[in-house]
Amino acid sequence: MKFYFYYGVMGSSKTANALMKKFNFEECGRKVILLKPSLDTRNGKTTIKSRIGLSSEAIFLDRATNIKDTLKNNYIYNVIIVDEAQFLSPSQVDELREMADSGIMVMCYGLKTDYTGHLFEGSKRIVEVCDTMREIQSMCSRCSTKAIISAKYKDDKIIYTGEIIDIGGEEKYITLCHKCWKSGSI
Ligand SMILES: [Zn+2]
């Protein structure tokens with residue numbers, strides 16, 4: 001089966017797209033597992049909610065989790081959908097690739113690059129091994145051309161360096177095209 005990467009900047013409805021895909025597959029009788037990498041050591045079940053109100057139960061994975069082992073006993077599935085796939089470890093991506101090769105459809109949704117403009121570790125491995133990449137497009141918040149980066153800012157100034165993983169929302173990040181990102185302020 002195929003391994004897909006649907007990527008976009010923050011606020012590009014990736015989670016809503018992932019949840020709609022899950023509902024569509026389930027309507028066709030497919031068995032879907034929704035996974036979400038967690039940045040701390042939480043494991044177990046959680047609920048994923050999108051901004052437009054869709055929600056679904058998902059399984060949290062920390063970076064050390066072996067995906068196959070986690071799903072082995074309690075789940076029947078032929079489709080795996082991953083939200084926030086940029087936070088997968090490279091070895092988890094390799095595991096998903098193997099599962100795709102053995103007949104599971106794998107769909108990863110996530111950010112391609114971080115706020116410094118470089119690939120996330122997990123996204124890098126996905127780009128390397130996936131069959132198909134599709135962009136979920138959105139617009140620059142300033143000039144309405146295509147956005148390519150979730151820029152980090154503080155006091156209207158764009159931040160280009162620092163810790164890569166820094167969870168936040170609109171108070172900290174804004175989606176911009178490359179030209180507006182380079183401009184230094186929002
Ligand atoms: Zn722009």
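Every read-out reported here was derived from the displayed coordinates using simple, explicitly stated rules and does not represent laboratory data. Note that the coordinates shown come from a computational prediction; the quantities given were computed from them, not determined experimentally. Ideal geometry is used to build each Cβ from the backbone, glycine not excepted, and the neighbour counts take in all protein chains shown.
What the table shows:
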{"read-out": "Residue within region 178-185 that is within 18 Å of GLY8 (Cα to Cα) and either loosely packed, with under 10 Cβ neighbours inside 10 Å or away from the ligand (no atom under 14 Å from the Cβ) (or both) present", "value": "no"}
{"read-out": "Answer from ILE158, ILE136, ILE148 - the residue that is touching a Phe, Trp or Tyr at 6+ places or on another chain (Cβ under 7 Å), within 16 Å of MET10 (Cα to Cα) and within 16 Å of the ligand (Cβ to nearest atom)", "value": "ILE158"}
{"read-out": "Of residues in region 115-139 being in contact with a helix residue (DSSP H, G or I) (Cβ under 8 Å, 6 or more places away or on another chain) and closer than 20 Å to TYR160 by Cβ, the one surrounded by the most Cβ atoms within 10 Å (Cβ to Cβ)", "value": "SER123"}
{"read-out": "Subset of region 140-177 [surrounded by 14 or more Cβ atoms within 10 Å (Cβ to Cβ), among the small types (Gly, Ala, Ser) and free of Cβ contacts under 8 Å to residues at least 40 places away in the same chain]", "value": "ALA151"}
{"read-out": "All strands (runs of 3 or more DSSP E) inside region 11-94 with 2 or more residues being surrounded by fewer than 19 Cβ atoms within 10 Å (Cβ to Cβ) and out of contact with any Phe, Trp or Tyr (no Cβ under 7 Å at 6 or more places or on another chain)", "value": "44-49, 55-61"}
{"read-out": "Members of region 113-133 found to be hydroxyl-bearing (Ser, Thr, Tyr) and either within 14 Å of the ligand (Cβ to nearest atom) or farther than 16 Å from ALA85 by Cβ (or both), listed by number", "value": "TYR115, THR116"}
